[in-house]
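Contents: one structure, followed by commentary.
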Ligand code: SF4
């Protein structure tokens with residue numbers, strides 16, 4: 001399996017250095033050099049060309065999608081707020097679509113695996129997620145898992 005970025009382009013594993021972001025890793029050189037403190041896009045990672053993710057983030061991506069959908073439902077109900085505040089807080093269709101496509105790509109990659117490879121990936125993911133919890137706040141160590149980045153193709 002390959003590394004995939006928002007444009008849908010593949011990325012060789014050799015360029016996998018980066019810093020941790022929510023749901024994946026950032027490979028934007030300036031931000032990486034600054035240890036993750038110099039994002040020019042205010043951490044809108046899911047819409048960024050420099051964002052990569054992998055199968056180990058699938059549960060987080062699924063939880064994020066559920067959060068976005070719940071937020072949208074709440075904001076569309078009788079929630080009192082100024083229009084500008086509601087508009088800024090409202091998850092966009094594009095954002096929701098981006099997360100959905102990303103999840104689909106990760107799942108599609110998983111579907112191509114043999115049961116044996118899938119079992120190996122599941123074990124690796126469990127290990128990575130455990131170590132990620134322990135290493136919270138530390139720079140990300142690159143894991144031998146396939147990376148994915150969201151497609152920019154319209155839905
Ligand atoms: S938005 Fe892009 S540049 Fe900023 S932290 Fe996320 S991936 Fe890196």
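The values are calculated or read from the model by the stated rules, or taken from the named source; none is laboratory data. The structure presented is a predicted model; accordingly, all values stated were derived computationally and were not measured. Reconstructed Cβ throughout: ideal geometry from the backbone, glycine too, with neighbour counts over all protein chains shown.
Things worth noting here:
- Assessment of region 42-53 against the conditions (farther than 21 Å from residue 100 by Cα, modelled with pLDDT under 95 and either part of a helix (DSSP H, G or I) or within 9 Å of the ligand (Cβ to nearest atom) (or both)) yields at least one matching residue.
- In region 39-53, the residues that are closer than 10 Å to residue 27 by Cα and touching a residue at least 40 places away in the same chain (Cβ under 8 Å) reach residues that are in a helix (DSSP H, G or I) and near the ligand (Cβ under 6 Å from one of its atoms) with C-beta atoms within less than 6 angstrom, at least six apart or across chains, in these pairs: 51/45.
- For region 27-41, a residue qualifies if it is near the ligand (Cβ under 7 Å from one of its atoms) and farther than 22 Å from residue 61 by Cβ, and exactly one does: 40.
- Odd one out for residue 56 among (1) within 15 Å of the ligand (Cβ to nearest atom); (2) within 30 Å of residue 124 (Cα to Cα): (1)
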